[in-house]
Amino acid sequence: MKGDVNDTLRSEGADAVRRRHDKAKKINSGDDISFDPKFTIKRFDDITITTTPNYLIKGIIPRAGLVVVWGPPKCGKSFWTFDLVMHVALGRHYRGRRVQQGSVVYLALEGGHGFRNRVEAWRRHHLNGHGAPVPFYLLDVPIDLVADRDKLVQAVRVQLDGQMPVIVCIDTLNRALAGDENKSDDMAKFIRAADVLRVAFGCVVIIIHHCGVVGSRPRGHTSLSGADDAQIAIERNGDGVVIATVEHMKDSETSAPMASRLHRVELGDDDDGDPITSCVIEPTDDAMAKKQPKLSADAKLGLELLRDLTIEAGETVTSNHIPIGTKVVPAILWRETFYNTRISDKSDKRYTLKHAFKRAAERLQAPHLIGIWSDKVWLAGQTGQAGTNGTCPVNDPDRRDRDIRDTHLKVCPVCPVPTVVDPGEYTTAGGASARDRLASAPWLQLIGAEPDGAVCVQCGSATHTVYLIRDPRLGAACQPLHEQCARFFFPPETKQRR
């Protein structure tokens, strides 16, 4: 048995050591120069920049990689994504942004039959007079991406005659994954399968995905967000505006939030004579996306639940403290619904449910998205709510005597009168400040002015300055009010909390 070189030196001498060295295999001798080209390394001096565009839609979709489009159910994310990829297929500018044209393969795994209606609606709305073929290809049968990835690659190559798609869209992740999206192993397999498509076609893979109950991030294991090259959040606000926000995008500046609306398209009648309809996405004023206050995940959940409860259980009440025509919901019902919904999401245990609800309610009250009085809560700016349709809630002969109405009309922010000479300061012809004018209502206390855009809870209007005003007889709670509306919200005869 041979020992090491020292043993050879001691037993056989220096010449034996030299012979042993000469016979040894040389690692860097150059005898074997073959290697896998995949592992070709680049010298520092050979590394240069490229001027080839690295995007499909500038600031929104990269040229290659993984993109996650996520949001709650029924928020319009599939409509938005379909409209997006159609602009790539046709090479059309997207909302003023540059686009690199290419073929699109769309896997409609959720509601495939209805997706055909969306295609027809888009065709009628956008392609009148367009005679050229559209390089958009639809697959609307169930698949398991992990198991079927190689077969899918082969099928696309054969049917596109070797043409490489620039986008493969998977709608949705849940329908393409046979495993559990919350398990790291199953999500890792899905990501690797998506990478197989990306590498095979040199394309971008867009994955449409749902959010969790809290709604703060894409649902499932966080490895998905760690692997993507861009992430786009889709939400639908209370006005029905679909807002798309590019949350991050590697090696590129992201687009500003984009606002859209769903436009209904009539497609004819079915065999039963019932109308067939679908929707298309239409751009709207992007400023509508910027005006939305940034809310925490719990605040978003609370707002969404209040919207649903207003539809299901909302009722109007008569009160001097609630805008006329407003549907209100029992605050305890809203709170218990929040508790029961949020407790099913165990991803965040930092706060108790009580504290989470309290913080959510405060976040929604600060920008006046909701109103709270006593045991009632309501959404601000409801259709038919006093002040939102230009009607005056006080100028009603059935509610107030003529003297009160005439006094009110001199400074009402809803009723136009020439005596208001400085809307910004809300100073009447007499020139008195709001605090001075409230001196005639000694039962009220003015705390300070609210930011621009604040809504008066009495008249529902944001015209003129709104102040935080309280009635010490009713406790410490302040309400955003015009100083003249405060006299009606907190009438002098009030003796106890209503």
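Hey, can you tell me all the residues within segment 4-19 that are surrounded by 10 or more Cβ atoms within 10 Å (Cβ to Cβ) and hydrophobic (A, V, I, L, M, F, W, C)?
The answer is 5, 9, 16, 17.
Tell me whether segment 76-91 contains one or more residues that are under 22 Å from residue 181 (Cα atoms), touching a helix residue (DSSP H, G or I) at 6+ places or on another chain (Cβ under 9 Å) and not β-branched (Val, Ile, Thr).
Scanning segment 76-91, I find at least one residue that is under 22 Å from residue 181 (Cα atoms), touching a helix residue (DSSP H, G or I) at 6+ places or on another chain (Cβ under 9 Å) and not β-branched (Val, Ile, Thr), so the answer is yes.
Could you check residue 200 against (1) in contact with an Asp or Glu (Cβ under 8 Å, 6 or more places away or on another chain); (2) of a type in the set (Gly, Ala, Ser); (3) farther than 25 Å from residue 302 by Cβ and say which number it fails?
Condition (1) is where residue 200 drops out.
Counting only residues that are out of contact with any Gly (no Cβ under 6 Å at 6 or more places or on another chain) and part of a loop (DSSP other than H, G, I, E, B), how many does segment 169-191 have?
6
Given (1) at pLDDT below 80; (2) surrounded by 10 or more Cβ atoms within 10 Å (Cβ to Cβ), where does residue 33 come up short, assuming only one miss?
(2)
Residue 232 versus (1) of a type in the set (A, V, I, L, M); (2) assigned to a helix (DSSP H, G or I); (3) under 23 Å from the mean Cα position of the chain (by Cα): which is the lone unmet condition?
Unmet condition: (2).
Taking segment 326-339 as the search range and keeping residues that are surrounded by 16 or more Cβ atoms within 10 Å (Cβ to Cβ) and over 18 Å from residue 215 (Cα atoms), which one is modelled with the lowest pLDDT?
So in segment 326-339, the residues surrounded by 16 or more Cβ atoms within 10 Å (Cβ to Cβ) come out as 326-329, 331, 333-335, 337-338.
Then drop every residue that is not over 18 Å from residue 215 (Cα atoms), which leaves 326-329, 331, 333.
Values: 326: 83, 327: 87, 328: 91, 329: 93, 331: 91, 333: 93.
Top of the filtered list is 326.
Looking at segment 125-180, which of its residues are of a type in the set (Asp, Glu) and more than 15 Å from residue 106 (Cβ to Cβ)?
Matches in segment 125-180: 144, 148, 150, 161, 180.
Working only within segment 171-216, note down all residues that are in contact with a strand residue (DSSP E or B) (Cβ under 7 Å, 6 or more places away or on another chain) and among the charged types (D, E, K, R).
Hits for segment 171-216 are 171, 198.
Quick check on my filter: what residues within segment 303-313 are in contact (Cβ under 8 Å) with a residue 40 or more places away in the chain and either outside the structural domain of residue 367 (by TED's automatic domain parsing) or touching a Phe, Trp or Tyr at 6+ places or on another chain (Cβ under 8 Å) (or both)?
Applying the first criterion (in contact (Cβ under 8 Å) with a residue 40 or more places away in the chain) to segment 303-313 yields 303-304, 306-307, 310.
If the condition is that a residue be in contact (Cβ under 8 Å) with a residue 40 or more places away in the chain and either outside the structural domain of residue 367 (by TED's automatic domain parsing) or touching a Phe, Trp or Tyr at 6+ places or on another chain (Cβ under 8 Å) (or both), then 306, 310 are the ones that fit.
What's the number of the only condition in (1) at pLDDT 90 or above; (2) over 15 Å from residue 369 (Cβ atoms); (3) surrounded by 13 or more Cβ atoms within 10 Å (Cβ to Cβ); (4) in contact with a Gly (Cβ under 8 Å, 6 or more places away or on another chain) that residue 322 fails to meet?
Among (1) at pLDDT 90 or above; (2) over 15 Å from residue 369 (Cβ atoms); (3) surrounded by 13 or more Cβ atoms within 10 Å (Cβ to Cβ); (4) in contact with a Gly (Cβ under 8 Å, 6 or more places away or on another chain), residue 322 violates only (1).
Yes or no: segment 111-120 includes at least one residue that is buried (at least 18 other Cβ atoms within 10 Å of the Cβ), among the aromatic types (Phe, Trp, Tyr) and assigned by TED's automatic domain parsing to the domain that holds residue 74.
yes
Is there a residue in segment 340-353 that is modelled with pLDDT of 85 or more and outside the structural domain of residue 483 (by TED's automatic domain parsing)?
Yes, some residue in segment 340-353 is modelled with pLDDT of 85 or more and outside the structural domain of residue 483 (by TED's automatic domain parsing).
Please go through segment 210-228 and pick out each residue that is surrounded by fewer than 22 Cβ atoms within 10 Å (Cβ to Cβ) and assigned to a strand (DSSP E or B).
210
Does any residue of segment 146-159 turn out to be touching a residue at least 60 places away in the same chain (Cβ under 8 Å), closer than 24 Å to residue 231 by Cβ and of a type in the set (A, V, I, L, M)?
No: segment 146-159 contains no residue that is touching a residue at least 60 places away in the same chain (Cβ under 8 Å), closer than 24 Å to residue 231 by Cβ and of a type in the set (A, V, I, L, M).
Which residues, counting only those in segment 239-250, are more than 17 Å from residue 283 (Cα to Cα) and either part of a loop (DSSP other than H, G, I, E, B) or assigned by TED's automatic domain parsing to the domain that holds residue 309 (or both)?
250
With the checklist (1) touching a Gly at 6+ places or on another chain (Cβ under 8 Å); (2) of a type in the set (A, V, I, L, M, F, W, C); (3) under 21 Å from residue 254 (Cβ atoms) in hand, flag the one item residue 89 doesn't pass.
(3)
In segment 160-168, is there at least one residue being assigned to a strand (DSSP E or B), at pLDDT below 95 and within 29 Å of residue 75 (Cβ to Cβ)?
No; the residues of segment 160-168 include none that is assigned to a strand (DSSP E or B), at pLDDT below 95 and within 29 Å of residue 75 (Cβ to Cβ).
List pairs: first in segment 94-108 and within 15 Å of residue 256 (Cα to Cα) and touching a residue at least 12 places away in the same chain (Cβ under 8 Å), second of a type in the set (Lys, Arg) and surrounded by 16 or more Cβ atoms within 10 Å (Cβ to Cβ), Cβ under 6 Å, 6+ apart or cross-chain?
97/58; 98/58
The values are calculated or read from the model by the stated rules, or taken from the named source; none is laboratory data. Not measured: the values here are computed from a predicted model. Every residue, glycine among them, receives a Cβ derived from its backbone with ideal geometry; neighbour counts consider all protein chains shown.
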